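In what follows, a structure is listed as C-alpha cells, so that the remarks can point back to it.
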Amino acid sequence: MSVTAASGFVASAVHAGIRRATPDLALVRSLHPAVGGALWTTNRVQAAPVEVSRRHLEVAQPQAVVVNAGVANAATGQRGIADAERTAEETAAALGLRADEVVVLSTGLIGVPLPMDRVLSGVREAASSLSVDGGDAAAAAILTTDAGPKQAVARGDGFVVGGMAKGAGMIHPRLATMLAVVTTDYPLERGEALELLRPAVDASFNRISVDGECSTNDAVVLLANGTSGVIRDEARDERFAKALGDVCAALARQIVEDGEGATVLLSISVSGAASGDEAAAVARRIATSPLVKTAAFGHDPNWGRVLAAAGSAPWNGGFARLDLDLLTVAFDDVPVFERGSPTGRAPVLGGPEVAIALDLGLGPGAASYLASDLTYDYVRLNAEYTT
C-alpha cells in the first residue's frame, strides 16, 4: 500500500468498464489539506489531462489524483479537454473539493475518446470506496502493458514517502508512457514540492529509456499533507529529499525492469566527460541505441556498438567531446577497450543485468542511465498494440 503508506492518504480502484475486465480507474486523496506539484511530459503533443491538470496546478494545490487506464485521452480535440474537466468536476463533487484541486491522469490508446458515462460512474464508485488499504489496488488499476504494479516506500525520521507508477513502453525522458503518484506526510510549504520533485525526477525518471519514445501523457505528481507533525530542520530536510529521491529511483528502475519484452537491464555509467551535460548525453545515446539494445538481448558484448553510439551523442548543436585514445569501456567490470585499443577480453554476459561503464578521460563529468534490451517480444507487442 505504498501510495497510502504515509499518514492521511487513502486510495481506491474500480473496474469502470473503460477496458474489458481488469480495474481501470484509481483514485488517491489526501484526507488533510495538502500542497503539491507535478512535472509533465515535454512532448509537443500533449494529452488533454496534461493540459487541464497543468492549469489546475497553476491556481490551486492538489488534494486528489484520479487516473484512468485504457484510454489516453490524447489527440482528442476539444472533446478531450471537456472530458478531462468533467472528470475533475465529478471527482471534486464526490470528494467535497473544487475541480481545480483535482489532478486528472490518463494512459492507454491515443486518439480514442473516453467513455464518459463509464468514467463518471467509476469516479463515484471509487470515491465511495476510498481506504487506507487501497494503495495496492490503485497501483494495479493504472497499468497498461505492465507485467505488474510498481510501488516503493521510504521511511525517514518520523515521516514516510510512498509512491506508485506505471510504465513499460513509450519510455524515454523527458518524461517518459509513464505515470507516477508520490505521497508524503512530510510538512512542505507551497512551492516547495516542485522544487524538491524536480531534482528527484531528473536523477531517476529522466534517466531511463525502454524504447526512446517520449509519451503524450507522462506525469509525476507529488502530494504532501504534513500530518507526520515532524519539526523541520536542515538535516531532516536533507533526509526527506533523499527519501523522495530513493522512491523515485526505485519506481524508475521498476519501469525499466518491466520494459515491454525486456529480458536484460542495462546499467550505463559514464565518467571522465568534459562536463556533466556531455556525460548525460553520451549515456543517453548509448541507452537509446537500437544496436546496443539488441546486442544486449543477444548477450553480445559488442563494444564497437557502444563506441559508435558514444561518438555520436548529440550535444550543443554537435556531438559530445570524445578522444578515442583516452577512452576506456568495460562490460561487467571487464575492460574490453582501454585507452584507444581493444584488450582482447570477452566477458560472458549471461545474467539479467549488464553494466556498461565508460571513462572518457577528459574531465570530471559523470552520469548514469538505465535501459532495457530490445527483443522480439517488444516488436510483436507494439506491432499488435491496437489490433
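The values are calculated or read from the model by the stated rules, or taken from the named source; none is laboratory data. As the structure is a prediction and not an experimental result, all values here were calculated from the model. Here the Cβ is made from the backbone with ideal geometry for all residues, glycine too, and neighbour counts use every protein chain on show. SASA here: full protein model, heavy atoms, side chains in, ligands and nucleic acids out. Shrake-Rupley method; radii C 1.70, N 1.55, O 1.52, S 1.80 Å.
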Checklist line | Of (1) 42, 26, 21; (2) 31, 26, 23; (3) 38, 24, 17, the label for semi-axes √(5λ) of the Cα gyration tensor in Å derived from the coordinates | finding: (3)
Note to self: If R₀ is 41 angstrom, what is the calculated FRET efficiency for the pair residue 376 and residue 155, using the beta carbon separation as r and rounding to 0.05?
What the structure shows: 0.50
Check: With each label point set 7 Å from Cα along the Cα-Cβ vector, what nm distance links residue 302 and residue 277?
Finding: 3.2 nm
Notebook entry, point to check: Of the heavy-atom accessible surface of the range 219-359 (probe 1.4 angstrom), what whole percent is carbon and sulfur?
Noted result: 52 percent
Notebook entry, point to check: Separation between the residue 384 and residue 59 pseudo-spin-labels, each 7 Å from Cα along Cα→Cβ, expressed in nm?
Noted result: 4.6 nm
Margin query: Rounded, prolate or oblate, given the Cα gyration tensor of the range 36-96, with a/c below 1.5 counting as rounded?
Written below: oblate
Checklist line | Label point at residue 124 placed 7 Å out along Cα→Cβ; residues across the range 72-106 whose backbone nitrogen lies under 16 Å | finding: 86-96
Item checked: Kirkwood Rh (inverse of mean 1/r, distinct Cα pairs), the range 217-319, angstrom -> 16.8 Å
Note to self: Under 8 Å for C-alpha pairs, at least 6 residues apart: give me the relative contact order for the range 1-104, rounded to a whole percent.
What the structure shows: 26 percent
Next item on the list: Convert 4 °C to kelvin, take the viscosity as 1.567 mPa s, use the Kirkwood radius over C-alpha pairs of the range 76-173 as Rh, and evaluate the Stokes-Einstein diffusion coefficient in µm²/s, rounded to a whole number.
Entry: 83 µm²/s
Next item on the list: May I ask you to list the lysines whose Cα is less than 26 Å away from that of residue 242, ignoring any residue fewer than eight positions away on the same chain?
Entry: 150, 166
Next item on the list: Using packing as a proxy for protection, rank 351-358, 374-381 so that the peptide with the highest average count of other Cβ atoms within 10 Å comes first.
Entry: 351-358, 374-381
Notebook entry, point to check: So how many Å³ per residue does the convex hull of the Cα atoms of the range 255-387 work out to?
Noted result: 101 Å³
Check: For residue 133 and residue 232, what is the calculated FRET efficiency with R₀ set at 22 Å and r taken between the beta-carbons, to the nearest 0.05?
Finding: 0.15
Notebook entry, point to check: So what is log10(I(q)/I(0)) for the range 2-56 at q = 0.14, 0.30 1/Å, when the Debye sum runs over its Cα atoms only?
Noted result: -0.60, -1.06
Margin query: Restricting things to Cα coordinates, could you compute the convex hull volume per residue of the range 1-158 in Å³?
Written below: 116 Å³
